[in-house]
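Readers should treat all values here as calculations from the given coordinates under stated rules, not as data from a laboratory. Computed from a prediction, not measured in an experiment: that's the story for all the values here. We place every Cβ from the backbone using ideal geometry, glycine too, and count neighbours over all the protein chains shown.
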Amino acid sequence: MPSADYFLTSPSDDTRRALSAAFQEHGFEVTTSPDGSWAVARGNATLTAFVGAWAGRRRQRLVYAVRFFDHQGTPVARFERESGAGVMGGAIGVSRSNDVFTEVSAAVAERLHQQGHLVSWVRGA
């Protein structure tokens, strides 16, 4: 399961708002789950179910997750692409889901760095 760990400067609400805004800049809606994690999603599920990857890059339904935890005193936000992400779009959809994940994870890291909220980041396999 591909992931990107963002090591943040603080666990503050400002840092979380900046992270949420960075995803929203790429057309994602951020929804908080009862456990504090986020669902990060964009696209249209109905359209994707009917036409698959042909729904297009911006309209294909893509759902990722962000989980928050502490690593040796440093707050971490883990952005992850769960297995099966993009599967409604078939093989093309899965490939697109991976491509979008790679692009967005790097862009979010850059945005957080520019705003002073990022210590470092690591992309996992």
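Some observations on this one:
- Projected label points at PHE69 and ASP99, each 7 Å from Cα along the beta carbon direction, are separated by 3.2 nanometres.
- Modelled spin labels at GLU82 and ALA39, positioned 7 Å past Cα toward Cβ, are 0.9 nm from each other.
- Spin-label model, ALA106/ASP14: points 7 Å from Cα along the beta carbon direction are separated by 2.9 nm.
- Exposure proxy order (Cβ contacts within 10 Å, fewest to most) of LEU118, LEU19: LEU118, LEU19
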